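S.K.: Sharing a structure here in structure tokens format.
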């Protein structure tokens, strides 16, 4: 692929939640999706056919006849290297570019393609992708590392998507992905735990979700406008030890939630402003022993 090529064609490998959002955004940015590759027939091929129909491309199962100038792997982390090895055979990879979008793994997962002449890079959007939503990638940060030409092309494509590209070192990928996991999957786990606590107050999950939305939105707004310290409120910042003790007693009804409360309260005392820290730490320590 010529470095100056404005809009290279793209082959998507995989048709999951990320691939669906990425392919739609690339199409809207003027890129042609030339093909969608499924790992096998059945459900995988059905998803690929659906995505291919949406993007005006063709779905196929390995082995495939042709590949575009850019091949974007959107498969689970454990399958990236295998999928790359399978596609390495039968094609002239010189001048082609291959990306994967794992947040935790480096571009070396595509090392087999690099050896055959391709430029490779990891291109990870810091965004959540679920079946029921297809988020825009405008404004989304992408962490990129890899070969020079591949990184240059990835940066240009991210810019065309309206995203923001950032360099990341290979040695930082695991920590970077852990950060992203705290920001969305574990945050979702916290919300699920919060629903269980609501049940102690006689509030059912669906109603709990409805009632929590205003406070969640305002908390994120405060965090966005200020920082974690500026968004922090409640009994810990006030040093209200008795209230914290009451919380811990009632949370005995949901032991898993009590463990989450203890862990987050300890984090709050470490990273956020609080009055009566020593008394609060003693209360948490006593609860842990109990």
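The values are calculated or read from the model by the stated rules, or taken from the named source; none is laboratory data. Note that the structure is predicted; figures quoted are calculated from it, not measured. Note: ideal-geometry Cβ built from the backbone for every residue, glycine included; neighbour counts use all protein chains shown.
S.K.: Any idea which of 121, 88, 84, 104 is more than 29 Å from residue 28 (Cβ to Cβ), in contact with a helix residue (DSSP H, G or I) (Cβ under 7 Å, 6 or more places away or on another chain) and assigned by TED's automatic domain parsing to the domain that holds residue 155? Write out each step before concluding.
M.R.: Values: 121 fails: more than 29 Å from residue 28 (Cβ to Cβ); 84 fails: more than 29 Å from residue 28 (Cβ to Cβ); 104 fails: more than 29 Å from residue 28 (Cβ to Cβ).
After ruling out the rest, the residue left standing is 88.
S.K.: To continue, here is another question. Condition test on residue 46, is it in the same structural domain as residue 90 (by TED's automatic domain parsing), assigned to a loop (DSSP other than H, G, I, E, B) and out of contact with any helix residue (DSSP H, G or I) (no Cβ under 8 Å at 6 or more places or on another chain)?
M.R.: In short, no.
S.K.: Please go through (1) within 22 Å of residue 132 (Cα to Cα); (2) modelled with pLDDT of 95 or more; (3) part of a helix (DSSP H, G or I) for residue 78 and return the number of the only condition it doesn't satisfy.
M.R.: Single failed check for residue 78: (1).
S.K.: Could you give me the residue pairs with C-beta distances under 6 Å whose first residue belongs to the stretch 188-207 and is under 13 Å from residue 264 (Cβ atoms), whose second residue is in a helix (DSSP H, G or I) wherever it lies, and which are 6+ apart or on separate chains?
M.R.: 193/257; 193/260; 197/257
S.K.: For the stretch 155-178, give me the residue count where each residue is in contact (Cβ under 8 Å) with a residue 60 or more places away in the chain, closer than 18 Å to residue 120 by Cβ and surrounded by fewer than 14 Cβ atoms within 10 Å (Cβ to Cβ).
M.R.: 1
S.K.: Checking residue 144 against (1) touching a residue at least 40 places away in the same chain (Cβ under 8 Å); (2) assigned by TED's automatic domain parsing to the domain that holds residue 21, which test does it fail?
M.R.: Looking at each condition in turn, residue 144 falls short on (1).
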